[in-house]
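To keep things clear, I will list the structure first and then write my remarks on it.
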Amino acid sequence: MSLRLYQELAVWWPLFSPPEDYAEEAAFFHQLLSEAAPDARTLVEFGSGGGSNAFHLKAHYRMTLVDLSPEMLAVSRAINPDCEHLAGDMRSTRLDRQFDAAFIHDAIDYMTTEADLRQAMETAFVHCKPGGAALFVPDHVRETFQPSTSHHAGDGEAGRALREMEWQYDPDTSDSTYVMHFAFLLREGNEVHFEHDTHVCGLFSRSDWLRWLGEVGFQAGSVIDQYGRDVFVAKRPTNSNG
């Protein structure tokens, strides 16, 4: 697994996954959070990446954005200078403060073992105030995963353009992972070069998700969003400690 997309290729993120592509789903996430924690004013996002969700959610919350990649944090700072940005791993980060709500988008997919995923859940739990809520948005659960191929085009200024194909499949259905291959054609002026990136992602059943969230301390359920994904809505009980 290389994850070059979040490192040396991160400068291409605004063409690959721009904020305007996130408006619809961010509105849905805000709706879910508003229902689960109607008085929420502060929100921490772990694995915040290029900040495309935060670009929309910051209209409703005072946001703290945490990501492992310095390159992705730089991308996010460019569009979200009004948000707090911190470097950290969602499995181990401890900010020594709590928020009204916590959010982990598809960065949760990089938790490839039960231990990793539970650690990320625990991070969200300890940063969530009693009575607060957390959202987790994996791209897939075991029950709904299907191999697929997709493509994307992005054009920028100064002759910069991107064409991308993404191919995901599960080479071993007996384990807890699937594979994504990204093929990029990147143009700068009259020069075009090719990049390949491979990502290994976690794949767990819906029942495992709900059981582990409960064992961490959340009261959790799931809803299906407009893209067919399971979004896990987790409430921290008002009488919980820790």
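The C-alpha atoms of the chain define a longest principal axis, and helix 114-126 lies at about 60 degrees to it. If you take the square roots of the eigenvalues of the alpha-carbon gyration tensor of region 75-153 and sort them as a ≥ b ≥ c, do you get rounded (a/c under 1.5), prolate (a/b over b/c) or oblate? Here region 75-153 falls in the oblate category. With Cβ to Cβ distances under 12 Å as the rule, what net charge do the other residues near Gly132 carry (K, R +1; D, E -1)? Net of charged neighbours comes to +2.
When a/c is below 1.5 the answer is rounded, else prolate if a/b is larger than b/c, else oblate, so apply that to region 47-185 with a ≥ b ≥ c taken from the square roots of the Cα gyration tensor eigenvalues. Cα axes put region 47-185 in the oblate bin. Among His105, His193, sorting on how many other beta-carbon atoms sit within 10 Å of each Cβ, with the fewest leading, yields His193, His105.
Principal semi-axes of the equivalent ellipsoid, √(5λ) from the alpha carbon gyration tensor of region 148-202, are 30, 9, 7 Å from largest down. Within the shell of other residues whose beta carbon sits under 12 angstrom from the beta carbon of Ser76, the net charge comes to -3, with Lys and Arg scored +1 and Asp and Glu -1. Which one, Gly132, Gly217, Gly50, has the greatest fluctuation when you compute a Gaussian network model over the chain with C-alpha springs under 10 angstrom? Ranking Gly132, Gly217, Gly50 by mean-square fluctuation puts Gly217 first. Rounded to the nearest 10 degrees, the angle from helix 206-216 to the longest Cα principal axis of the chain is 50 degrees.
With the convex hull constructed from alpha-carbon coordinates only, the chain shows a mean projected area of 12.4 nm² over all directions.
Dividing the Cα convex hull volume of region 38-120 by residue count, how many Å³ per residue is that?
Values: hull volume 7.6 nm³, N = 83.
Convex hull volume per residue, Cα atoms: 91 Å³.
Quick note: the coordinates plus some simple rules give every number you see, no bench work behind them. These figures come from a predicted structure and were not determined experimentally. When we count neighbours, we look across all protein chains shown, and the Cβ atoms used for this are built from the backbone with ideal geometry, even at glycine.
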